Amino acid sequence: MDQNKQMADLLFPHIDKTPEYYEGKYPQRQLPEGAKVTRVAPSPTGFIHMGALYAAVIPERMAHQSGGVFFLRIEDTDKKREIEGGVSEIVKSFAHYELKFDEGMTGETTEKGIYGPYKQSERKEIYQTFAKMLIEKGLAYPCFCSEEDLNEIRAKQEELKQNPGYYGQYAKHRNATFDEIKSELDKGTGFVLRLKSPGKPENRIVIDDLIKGEVEMPENDQDIVLLKSDGIPTYHFAHAIDDHLMRTTHVIRGDEWLSSAPIHVQLFEILGWEKPRYAHVPPVLKMEGTSKRKLSKRKDPEAAVSYYSEQGFPVESVREYLLNLINSNYEEWRMENPTDQNTEFIVDLSKMGTSGALFDLVKLTDISKDRIALMSANKVYDLALQWAQQFDIELAEQMRNNEAYTRAILGIERGGDKPRKDIAKWSDVKGYLGYFYDNWFEEYTKEGYEFPENLPNSDVLEVLEAYKNTYNKADDKDTWFERAKTAAEGLGFARDAKTYKKDKESFKGHIGDFMSVIRVAISGRKNTPDLYELLDIMGEERLQARFEKAIKSI
Ligand code: GLU
């Protein structure tokens, strides 16, 4: 029998399937022309980085906007980095941000789709089948080098100022005979499986990256590890096998993988498979002082995806912002299509920046205010309550105990051409609604009120006393304002600011000052949404009570 075949049987006696078996088991996908098959392939480390969410939206859009397939594969070959429940956490986070997977993991141990298993640790036999085939073909070999052997090689390469690594003349076991290998195995020496790289460092290859354009790099000449000593593949080998058998057409991943792309391209060539197209996504950056750096898990709380749900940024706002970061023409599209679903926008990889997207919470906040301003009061109520139930129980109780009242408050100045933009995230809602609730209002005004400084207390008192009997809930807005002006005038205030400015000496102030007193008395604040609507919603009884309370405080 051929020595390679003998070696393959010796190393993988338990592997009885063939590559053809898997090629048949995972058939070519029947998809319309141009449909892309993409995936995200995170490790279950428990932490979802904003950069990872950003990088996941891209393949999701590429698949779904082309009528293709998007799937979730879990890359858990590095058991040291894994945490318990890591897969569920990933599934939950991606689902929260409305990334809809057609296939892949759906929970810690559950999955859907016929191209699985979608968790690498369940695919050991598949990897070994292909590894066995490579040995048979003389394209891979076992390497018995110990840590010390590798250190020795490195020292020598350093001394001779040569490239580090396991290649060419340094690849000690590359040409070992069957007998030599057998004798190592008989001794029980552990081994890794290496690729017999056909590459030469003087050769250059070009990767036609869909984001970065044509990138030229040296060909891979390293006999890289395919299977580690425990028989688990390295990322490189697993990527080639998985993306081939899962029929991925576009590998869209972080650009930290670009430097390994020559290895991947070589693996596809050796295996005789059509290569996927690659798109390497630049990282999400943050401004620090005058320079940019990567958004850091360690330094930046906003690097964690959980930060946004805790703060209560609506999913819609975060998605909106990410699309903005992905393609800067998104903003223009949104202006032209203010109410379309964000999935209507067509993401274009060639329009992405190549060096990194600058993440900016201020911009996210602005975008979020715009999105929330366009929501109906009922939607704001529902989403804010949902958030509060998890993160602010007191607020949730207030909202539920005063449901109709709260919905009405959230409707103030909503729906017109110029909706108010007070709320950027659900954690802002307490500040916005707080004073409407009587028990909280009591608390906020414990220390008294900040009435306009230009008015003496006696004037403030007069305004309050007068207005108590002036307000009439039945008035429409114009009548209401006229009535207030007349009352103000009766107390010596100018009907409008213009009149006041012409002859300040003759007035106590103007209608604005008068209204200010009322605003502070009923809200405890200098700024509120439209006073007419506010008084209308608060109702006469509450209004009287608040006036009494303010009068007493003076
Ligand atoms: N497991 C790799 C990562 O966590 C996947 C890279 C890829 O998408 O191919 O970054």
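The values are calculated or read from the model by the stated rules, or taken from the named source; none is laboratory data. Only a predicted model underlies this, so the values are computations on that prediction, with no experimental measurement involved. Quick reminder, even Gly has a Cβ in these numbers, built from the backbone with ideal geometry, and neighbours come from all protein chains shown.
List of remarks:
- Annotation: residue 229 fulfils all but one of (1) away from the ligand (no atom under 16 Å from the Cβ); (2) within 34 Å of the chain's Cα centre (by Cα); (3) hydroxyl-bearing (Ser, Thr, Tyr); the unmet one is (2).
- Condition check for residue 277: more than 16 Å from the ligand (Cβ to nearest atom) and among the basic types (Lys, Arg): no
- When the criteria are applied in full, residue 25 fails the requirement of being of a type in the set (Lys, Arg) and either within 15 Å of the ligand (Cβ to nearest atom) or under 18 Å from the mean Cα position of the chain (by Cα) (or both).
- For the range 403-451, the helices (runs of 4 or more DSSP H) that sit wholly inside it and include 2 or more residues that are more than 29 Å from the chain's Cα centre (by Cα) and of a type in the set (Gly, Ala, Ser) are 403-410.
- Looking at the range 244-332, the helices (runs of 4 or more DSSP H) lying wholly inside it that each contain 1 or more residues that are over 30 Å from residue 208 (Cβ atoms) sit at 305-311, 315-326.
- Checking residue 247 against (1) away from the ligand (no atom under 13 Å from the Cβ); (2) touching a helix residue (DSSP H, G or I) at 6+ places or on another chain (Cβ under 8 Å), the condition it does not meet: (2)
- Matching residues in the range 498-527 - criterion: being surrounded by 13 or more Cβ atoms within 10 Å (Cβ to Cβ) and without any contact (Cβ under 8 Å) to a residue 40 or more places away in the chain: 499, 500, 507, 510, 511, 512, 515, 519, 522
- Residue 5 satisfies every condition listed in (1) within 30 Å of residue 185 (Cα to Cα); (2) in a loop (DSSP other than H, G, I, E, B) except (2).
- Residue count, the range 54-74 (criterion: more than 13 Å from the ligand (Cβ to nearest atom), aliphatic (A, V, I, L, M) and either closer than 23 Å to residue 309 by Cβ or touching a Pro at 6+ places or on another chain (Cβ under 8 Å) (or both)): 1
- When the residues of the range 74-101 are filtered to those that are surrounded by fewer than 15 Cβ atoms within 10 Å (Cβ to Cβ) and not in a helix (DSSP H, G or I), the one that is modelled with the lowest pLDDT is 83.
- Pairs where the first residue, in the range 215-234, is among the basic types (Lys, Arg) and the second is part of a strand (DSSP E or B), C-beta under 7 Å, 6+ apart: 228/192
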